[in-house]
Amino acid sequence: MLRVVLPKGSLERSTLDLFEQADLAVMRSSDVDYRGTIDDPRVTEVKILRPQEIPRYVADGLFDVGITGRDWIEETGSDVVSLGELHYSKATARPINIVLAVADSSPVQSVHDLAAAHGVVRVATEYPGLTERYFAAAGVKADVMLSYGATEAKIPDIADAVVEVTETGRALRAAKLRVIDTILVSYTELIANPASYRDPGLRHAMGQLHTLLSGTLEARGKVLVKLNVAEPALDAVIALLPSMKSPTVSKLFGGDDYAVETVVPKGSINTLIPSLKDAGASDIIELPIAKIVH
């Protein structure tokens, strides 16, 4: 039914891990195979290609759905339907940023300072389309040079500034560069071909895949806590529990005790469980969660 294209490169491993956790495991003959299969009746074809190319391929109808970054959708200007953001990247759940950066020693503080200092600004980037539109909107003349890598190393000999992608900022700081503007905040997105999206059957299948993927991401970093508590201690225990909405509380058969369960952040569990016990909870169980679907 659905022809799916997934990103190769820096997003490849995290994407394949997400699909496996969502019970949509991609099977390949080897790690370098560009073709794959998913044992799911909604998916007929899987390709793994560079994320830079995916928006155009989806827009052209070569694939029904794909995963890529908002940065490449904007760079290529592709006509696709966004089914939603997927909050993961190669290292964290944070978005990546497309930024304008200069040498840390430069007095420049803004794009207009660049124009004042250099006239026509030499800019190296892997995003020439985005960069040209950004400088045009700022009214600054720029000589935009396509970079094929090591972009941050091109200041100051080759370029006055770079437009570069960063997730944590570590590489820019290591190269002694300083961000003076953020051009785009980019999440990973699930995108669809507009004609495919207009087909009710395909659109329904796309929505189901999105439910599985987003539910898996929602569950990351969360656990289910179940416990028993006597009625006198119930209010004190409930007060300790962070929850998505409110804890589920039910009376235990044959007594006055209560069973309580709720979803909590995994990061707080090491302090939460001892506090719950101190407040009167017993039979405390921590369980992993695979998916949360609202």
Next item on the list: Would you please give the residues with an amide H less than 5 Å from that of Val46, counting only those at least 5 places away or on a separate chain, with H modeled from the backbone geometry?
Entry: Val4, Gly36
Notebook entry, point to check: Amide H of Ala142: which non-local residues (sequence gap of 5 or more, or other chain) have their own amide H closer than 5 Å, using H built in the peptide plane?
Noted result: Val121
Note to self: Tell me the Kirkwood radius of the stretch 55-128: reciprocal of the mean inverse pair distance over distinct alpha-carbon atoms, in Å.
What the structure shows: 15.3 Å
Notebook entry, point to check: To the nearest 500 deg cm²/dmol, what mean residue ellipticity at 222 nm is calculated for the chain from DSSP H runs of n ≥ 4 alone, each contributing -39,500 (n - 2.57), summed and divided by the residues?
Noted result: -8500 deg cm²/dmol
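Using a Förster radius of 22 Å, what is the FRET efficiency between Tyr34 and Asp60 based on their Cβ-Cβ separation? Nearest 0.05, please.
Values: r = 18 Å, r/R0 = 0.81.
It comes to 0.80.
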Note to self: Using a 7 Å offset from the Cα along the Cα-to-Cβ direction at both Arg13 and His210, what is the distance between the two label points in nm, to one decimal?
What the structure shows: 3.0 nm
Margin query: Under a Cβ-only charge scheme (Lys and Arg +1, Asp and Glu -1), can you give me the dipole magnitude of the stretch 114-273 about the Cα centre, in debye to the nearest 20?
Written below: 180 debye
Item checked: Spin-label model distance (nm) - Lys251 vs Ala153, 7 Å beyond Cα toward Cβ -> 7.3 nm
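Treat every Asp and Glu Cβ in the chain as -1 and every Lys and Arg Cβ as +1, leave all other atoms uncharged, and give the resulting dipole magnitude about the Cα centre to the nearest 20 debye.
Values: 30 positive and 39 negative charges, 44 e Å.
Here the size comes out at about 220 debye.
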Next item on the list: Would you mind telling me the share, in percent, of accessible area of the chain contributed by carbon and sulfur at probe 1.4 angstrom?
Entry: 52 percent
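What is the calculated FRET efficiency for Val185 to Ala137, with r their C-beta to C-beta distance and R₀ = 22 Å, to the nearest 0.05? If you can, show how the numbers build up before the last one.
Working: r = 17 Å, r/R0 = 0.75.
In this case the efficiency is close to 0.85.
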Next item on the list: For the stretch 1-142, compute Rh as the Kirkwood radius over C-alpha pairs and then the Stokes-Einstein diffusion coefficient at 4 °C and 1.567 mPa s; write the answer in µm²/s, rounded to an integer.
Entry: 75 µm²/s
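Using a 1.4 angstrom probe, figure out how much accessible area the chain has per residue, in square angstrom, rounded to the nearest whole.
Each residue of the chain exposes 51 Å² on average to a 1.4 Å probe.
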Item checked: Taking only Cα atoms of the stretch 186-265, radius of gyration then Dmax in Å -> 20.1, 60
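Can you compute the charge dipole magnitude of the stretch 97-205 about its Cα centre, using +1 on each Lys and Arg Cβ and -1 on each Asp and Glu Cβ, nothing else charged? Give it in debye, rounded to the nearest 20. Mind dumping the intermediate values first?
Details: 10 positive and 13 negative charges, 27 e Å.
In debye, rounded to 20, the stretch 97-205 gives about 120.
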Notebook entry, point to check: Could you give the Stokes-Einstein D for the stretch 145-209 in µm² per second, using the C-alpha Kirkwood radius, 4 °C, 1.567 mPa s?
Noted result: 85 µm²/s
Next item on the list: In vacuum, with every alpha carbon of the stretch 227-283 counted as one equal point scatterer, what does the Debye formula give for log10 I(q)/I(0) at q = 0.14 Å⁻¹? Two decimals, please.
Entry: -0.34
Notebook entry, point to check: With springs only between Cα atoms under 10 Å, which of Val80, Val140, Val58 fluctuates most in a Gaussian network model of the chain?
Noted result: Val140
Check: Tell me, what HN-Hα J-couplings in whole Hz come from the Karplus equation 6.51 cos²θ - 1.76 cosθ + 1.60 at θ = phi - 60° for each residue of the stretch 64-76, using x for Gly and Pro?
Finding: 7, 9, x, 10, 7, x, 4, 4, 7, 5, 5, 4, 7
Item checked: Arg203 versus Asp278: modelled label distance in nm, points set 7 Å from Cα along the beta carbon direction -> 5.4 nm
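Would you mind giving the average projected area, over all directions, of the Cα convex hull of the stretch 46-98 in nm² with one decimal?
Working: hull surface 15.6 nm².
It is 3.9 nm².
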Notebook entry, point to check: Three principal axis extents, largest first, for the C-alpha atoms of the stretch 83-183, in Å?
Noted result: 40, 31, 25
Checklist line | Among Ser106, Ser214, Ser147, residue whose mean-square fluctuation peaks in a GNM of the chain (springs only between Cα atoms under 10 Å) | finding: Ser106
Checklist line | Geometric extent, Cα atoms of the chain - Rg, Dmax (angstrom) | finding: 24.5, 83
Check: If you build a Gaussian network model of the chain, linking Cα atoms that sit under 10 Å apart, which residue out of Ile158, Ile73, Ile48 swings the most?
Finding: Ile158
Notebook entry, point to check: Distances over 20 Å make up what percent of all Cα-Cα pairs in the stretch 142-294?
Noted result: 68 percent
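The values are calculated or read from the model by the stated rules, or taken from the named source; none is laboratory data. Note that the structure is predicted; figures quoted are calculated from it, not measured. Reconstructed Cβ throughout: ideal geometry from the backbone, glycine too, with neighbour counts over all protein chains shown. SASA here: full protein model, heavy atoms, side chains in, ligands and nucleic acids out. Shrake-Rupley method; radii C 1.70, N 1.55, O 1.52, S 1.80 Å.
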